[in-house]
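The values are calculated or read from the model by the stated rules, or taken from the named source; none is laboratory data. This is a predicted model, so every value here is computed, not measured. FYI the Cβ positions are ideal-geometry reconstructions off the backbone, even for glycines, and counts take in every protein chain you see. Note: accessible area is taken over every heavy atom of the protein model, side chains too, but ligands, DNA and RNA are not part of it. Shrake-Rupley method; radii C 1.70, N 1.55, O 1.52, S 1.80 Å.
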Amino acid sequence: MPDFDAIASYSEFFGRSLDEVGRDLESYSALLRKWQPVQNLVSRETLSAIWERHFADSLQLVRHFKPADRSILDLGSGGGFPALPLAIASKGFDRHFILVEPTTRKVSFLRTVARELDLDVNVIGRRSDQIDSRETPVPDVITSRALAALPQLCAWMEPFFSEKTRAVLHKGREHVDELQETSALWYFDVVINKSDTDPGGVILTITNLKRKSAS
């Protein structure tokens with residue numbers, strides 16, 4: 001059943017009404033359930049709690065977006081989280097999403113959702129390390145959820161980073177160790193906020209990412 005209450009606390013950051021966003025999320029949920037048997041887009045254990053575990057978890061990032069953010073790059077988009085709920089919530093803003101996902105069937109799903117819900121989304125069907133960063137606009141924000149440990153993720157994000165770019169990332173209980181490992185290889189600034197939906201999770205906002213020189 002739809003659970004608009006799970007996302008209501010973020011509605012002040014939406015580009016349109018809660019009801020409009022909720023209806024599009026219902027349509028997204030229906031497509032997800034239709035494709036799930038052959039695509040394995042999310043774990044079966046979380047499908048019954050999609051509003052809290054996936055929609056609300058994704059939409060909490062809108063609190064970390066700025067009004068001037070226009071270009072969002074999502075790495076390893078999988079079943080569309082967090083990028084598609086964010087694109088749904090961003091209708092009404094001049095905000096474009098680029099989703100990077102190498103798995104062909106998942107690319108087809110992402111493009112189907114974007115087309116049917118009329119989202120400002122472009123899906124690139126390659127790995128991020130196969131993309132020339134000049135092919136895409138310089139992102140204001142990079143997102144990624146459950147893709148890789150932070151040191152590897154930084155290596156994939158770095159070619160797309162500029163002085164204005166921020167990475168806003170979901171991380172779990174392992175974030176302390178990952179930050180320590182990352183600091184040995186990279187310079188960066190980080191702000192850590194507790195996750196609204198995962199008791200042990202955090203949202204990391206990373207800026208000024210730069211690889212350290214080998215000694």
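For this structure, a couple of remarks:
- Number of residues in the range 1-50 that are surrounded by fewer than 19 Cβ atoms within 10 Å (Cβ to Cβ), farther than 15 Å from Val113 by Cα and not aliphatic (A, V, I, L, M): the value is 20.
- Matching option when the condition is closer than 17 Å to Ala146 by Cβ, open to solvent by 10 Å² or more (accessible area, probe 1.4 Å) and either touching an Asp or Glu at 6+ places or on another chain (Cβ under 6 Å) or in a helix (DSSP H, G or I) (or both), among Arg53, Arg63, Arg115, Arg105: Arg53
- Check on Leu119, without any contact (Cβ under 8 Å) to a residue 40 or more places away in the chain and touching a strand residue (DSSP E or B) at 6+ places or on another chain (Cβ under 6 Å): no
- Meets criteria (small (Gly, Ala, Ser), touching a Pro at 6+ places or on another chain (Cβ under 6 Å), under 30 Å from Tyr28 (Cα atoms) and surrounded by 14 or more Cβ atoms within 10 Å (Cβ to Cβ)) for Ser133: yes
- Looking only at the range 146-162, and only at residues there that are open to solvent by 50 Å² or more (accessible area, probe 1.4 Å) and touching a residue at least 40 places away in the same chain (Cβ under 8 Å), the one that is farthest from Gly79 (Cα to Cα): Glu158
- Condition met for Val62 (hydrophobic (A, V, I, L, M, F, W, C), touching a residue at least 40 places away in the same chain (Cβ under 8 Å) and within 28 Å of Asp140 (Cβ to Cβ)): yes
- Of the residues making up the range 156-174, those that are closer than 26 Å to Ile131 by Cβ and more than 17 Å from the chain's Cα centre (by Cα) are Pro159, Ser162, Glu163, Lys164.
- Residues (within 26 Å of Asp94 (Cβ to Cβ) and charged (D, E, K, R)) located in the range 10-59: Glu12, Arg16, Asp19, Glu20, Arg23, Asp24, Glu26, Asp57
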